[in-house]
Structure formats: structure tokens, C-alpha cells
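To start, the structure itself, in C-alpha cells.
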Amino acid sequence: MSRLQVTLRIVALVVVSIIGVSFITFDVLGYRLGAQPFTVKVLLPRGGGLYSDGFVTYRGVDVGRIASLALDRNGAVATLAIDPGTHIPANATAHVHELSVAGEQYLDLVPSSAAGPDLHAGSVIGQPRTVVPVSVYTLLNDAGRLIGSVKASEVRTISTALGQGFSDTGADLRTAVTATKSL
């Protein structure tokens, strides 16, 4: 192997190493050269399924990430890392939404108006300006109590009334459905 080939291989190894280290430094670890993201705290009554490194959007457009999520004696505190140069009105309400059916949560910032100052490093969005979905446990518990509160005699009464109300109306219902379909 000639001296030139050895030199080229060493240069190629150094270039690949620099690319790998820069990828890990800037993409994986999130370090930036130049302007850094600014942090905003959101005080939530509960975590609402959010997680660190979750998406932060402004009117549905990706503007940052959830840097951390911590417990507080009044609920949870989400620290957001907002991309530099992003202008979000300080009167924004933080809505926790589901990104997919799998339950991946994200935080969407929705302003009440475009007027007023913008969020800046150190801004805090208080609990009154947050919307967190009902927990699955609460939803199932309330649905179970609702179903348990219905008496069997009331179900029979409603079934009988519906049966009597719709008796001998098959042809009329078919005509209404067909007319609606063509409309």
C-alpha cells in the first residue's frame, strides 16, 4: 500500500469521525451553534400524558419540544424549549392534544389574540390558561356510574315507547333515507 493511499484512508477516517461526532453533538444531544431555544414554563393541573421531548406546536406548526416534565405540589410543570425567533403571544393557552390514536400527547399553544407581548425566556403559562384532557380512568369511572344509574324498568319503558313510535313506519323511513341519500 502506497503512502498516498494510507494518507487518503486516514483523511477519510478523520472526516467520517468528525461527521459522526457532529451528528451526535447537534442532532442527538441537541446542542446548537448560534441562537439557542428559549424556555417557557407551563403549569398544569396534571401531566396529561405529556412526556419529555414531546412536540410543542403553535396553531399546529412545530415550534419546539418539551424539555422536561416535573411534579409540583399543585400538579405538573412542563418546561418548553421554543425555537429561537418564534413569536407566540403571551396570552396563549396551552392545550394538551393527542397526536395519534396510540395516545402520543403534544402541547399546542393557541393565542386568544395577536395583540400584546410575545412569550420570552422565563415566561410562565399558568394553570388557568391550560387545557388538559380528562383522564381515561375518570372517563371510564363516570361512564360506569352512568350505566349503573339506569334502572332496568326505565330501559324497558324506553324500548317499548320506541317500538310503538316506529311501528308500521318502515316504508316511510325507507323513503326518508332514500330521499336524504339522493339529496
Before we move on, is residue 110 β-branched (Val, Ile, Thr) and at pLDDT 90 or above? yes
List the number of the failed condition for residue 126; all other conditions in (1) farther than 17 Å from residue 57 by Cβ; (2) touching a residue at least 40 places away in the same chain (Cβ under 8 Å); (3) open to solvent by 70 Å² or more (accessible area, probe 1.4 Å) hold. (3)
Are any residues in the stretch 98-114 within 19 Å of residue 45 (Cα to Cα) and either crowded, with 17+ Cβ neighbours inside 10 Å or of a type in the set (Val, Ile, Thr) (or both), and if so, which ones? 105, 106, 107, 108, 109, 110
Residues within the stretch 53-77 that are part of a loop (DSSP other than H, G, I, E, B), open to solvent by less than 60 Å² (accessible area, probe 1.4 Å) and either in contact with a Pro (Cβ under 6 Å, 6 or more places away or on another chain) or farther than 17 Å from residue 130 by Cβ (or both), tallied: 1
Condition met for residue 91 (over 28 Å from residue 27 (Cα atoms) and either open to solvent by 50 Å² or more (accessible area, probe 1.4 Å) or hydroxyl-bearing (Ser, Thr, Tyr) (or both)): no
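The values are calculated or read from the model by the stated rules, or taken from the named source; none is laboratory data. Everything quoted here is computed from the prediction, not taken from an experiment. Here the Cβ is made from the backbone with ideal geometry for all residues, glycine too, and neighbour counts use every protein chain on show. Quick note on the areas: whole protein, heavy atoms, side chains included, nothing else; ligands and nucleic acids left out. Shrake-Rupley method; radii C 1.70, N 1.55, O 1.52, S 1.80 Å.
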